[in-house]
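Notes follow once the structure below has been shown.
The values are calculated or read from the model by the stated rules, or taken from the named source; none is laboratory data. This one's a predicted model, so the numbers in the text were calculated from it and none came from an experiment. Because the Cβ atoms are built from the backbone with ideal geometry, glycine has one as well, and the counts that use them run over all protein chains shown.
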Amino acid sequence: MFDSLSSKFSKAFSGLRSKGRIKSGDIDEICAEIRSALIESDVALEVVESFIHKVQNRSLEQLEDLNKGINPSQAIFSIINEELTSILGGSARRIRLAKKPPTVIMLAGLQGAGKTTLAAKLALYLKKQGDTPLLVASDLQRPNAVTQLQQVGAAISIPVFAPEPGNGVGNPVDVARAGLKFAQEKLHNVVIVDTAGRLGVDEELMQEAIKIRDAINPDEILFVVDAMIGQDAVRTAQAFLDGVGFDGVVLTKLDGDARGGAALSIVAKTGRPIMFASTGEKSEDFDLFYPERMASRILGLGDIQTLAEQAKSAMDSDTTAKLESKFASGEDFTLDDFLSQLEALKKMGSMSKLLGMLPGANSGAMKKQLESIDDNELVRTQSIVQSMTPLERHDPKVLNGSRRARIARGSGRAVSEVNNLVDRFTQAQKMMKQMRNGGGLPNLPGLGGMGGMGGMGGAPGLPGMPGMSGMKKPSQTPPKKKSRSGNPAKRAAEEA
Ligand code: GDP
């Protein structure tokens with residue numbers, strides 16, 4: 001997400017960081033670098049100029065004071081962070097539920113923007129919050145839009161109101177109106193209406209959206225836009241704002257190589273907040289949009305809060321409570337606990353996406369490591385642990401050569417992989433101990449140089465991660481050579 005913008009920011013700061021005292025020329029220089037980074041990222045020119053103007057003025061005004069402080073470059077970094085957060089919308093805004101249910105949410109946007117996909121994601125998010133959403137299939141234009149909504153709805157167990165087949169058949173305004181009535185009768189507290197887009201902004205599209213809006217009187221109109229279309233996103237947003245009007249924006253396809261232009265221009269140009277971000281094709285690939293967290297990611301500070309929240313929501317509360325109490329009481333972390341962590345990690349989505357939220361993820365070295373992650377490693381690791389008996393999971397010390405050979409056969413993996421997992425698990429156990437004794441979050445195996453991050457409270461699934469042997473760890477020390485008799489792992493490898 002915003003990779004190239006983020007690396008350019010990181011490059012611009014690296015020069016400033018080495019300076020003890022900052023001169024006005026240094027500020028001009030960093031502003032010029034940031035300016036060209038923003039323009040290359042397709043941010044609207046007026047937004048760039050206004051941003052640079054604010055950063056430059058604030059930095060110059062405070063220059064004397066900044067130089068009196070211990071870390072003037074950090075102070076400039078903070079100004080940039082605040083201004084970036086401000087152009088991303090300042091504070092976060094969420095769906096406002098209507099006083100009298102159902103809350104009606106209408107999705108609008110071009111064809112292919114990701115409305116249907118988003119409808120399901122939003123419904124799933126609301127369902128997890130305890131709401132009872134109904135999806136309404138009013139996109140009767142795009143081929144297969146109705147069946148697509150029915151399929152995604154069924155996959156996440158959310159009812160879909162779809163009385164018309166679509167593909168050009170049926171009246172979308174009638175469907176929207178009937179959907180609302182159906183929701184009232186069946187006591188759904190939220191109705192999400194998927195509407196048809198067109199390939200470009202045209203009069204027919206606007207008229208249809210206006211008629212639907214007037215028929216259902218939505219509490220929230222969300223404009224859904226593909227972040228990859230850059231400046232066009234802003235032009236389309238403007239056309240929808242003038243034509244139909246909307247309350248908030250959803251940026252989709254932020255998992256792609258969006259250059260950042262849309263996110264950084266749309267709030268300033270439309271005056272409407274970005275409320276959600278869509279980051280993949282699956283119904284779980286959905287994030288609440290927090291301007292300050294996004295600014296932090298762009299500036300390479302990572303997004304530890306989101307990471308911790310995702311870890312927490314992927315683990316059920318019983319597992320989290322069990323792990324927390326184990327952690328507090330000093331009990332050993334077992335392979336069963338590790339298995340629950342693996343399940344949770346799988347639910348959290350792609351590993352590279354998750355680790356991309358760590359501070360420094362925009363640096364060249366870290367990016368290379370993230371690219372080398374193989375998500376199938378989790379599945380392989382899981383199959384190894386699942387082939388162990390309850391005793392072995394509880395006490396890996398019993399894993400002698402023949403047990404390891406049996407596990408390897410059972411999981412269809414090599415004995416060396418079983419050995420590797422056990423070694424990494426033992427390392428992770430030690431790390432848990434180290435953390436409990438106040439050492440903070442240790443280096444994650446495979447992430448050399450990223451350690452020492454406090455503030456991960458509530459993310460019990462993250463320390464250790466012994467399963468990630470797919471990541472290369474340049475600084476990893478080679479395993480100690482042991483004698484034949486003393487090493488059951490080696491014996492097992494030889495016997496296999
Ligand atoms: P609609 O015409 O606005 O309803 O668009 P769809 O919901 O059908 O989305 C168009 C295409 O974009 C589909 O292939 C989706 O799977 C894909 N898509 C939607 N949202 C995302 C996203 O956040 N990331 C990625 N990579 N693909 C997405």
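Restricting attention to segment 312-323 and to residues that are at pLDDT 70 or above and surrounded by 13 or more Cβ atoms within 10 Å (Cβ to Cβ), the residue that is nearest to the chain's Cα centre (by Cα) turns out to be Thr320. Applying the set (1) outside the structural domain of Tyr290 (by TED's automatic domain parsing); (2) within 22 Å of Asp226 (Cβ to Cβ) to Ser73 leaves exactly one unmet item: (2). Taking first residues from segment 61-78 that are under 18 Å from Ser18 (Cβ atoms) and partners that are in a loop (DSSP other than H, G, I, E, B) and among the β-branched types (Val, Ile, Thr), the Cβ contacts under 7 Å between residues at least 6 apart in sequence or on separate chains come to Leu63/Ile22; Leu66/Ile22; Asn67/Ile22; Pro72/Ile22; Ser73/Ile22; Ile76/Ile22. A single member of Ser372, Ser387, Ser402, Ser416 is of a type in the set (Gly, Ala, Ser) and modelled with pLDDT under 75, and it is Ser372.
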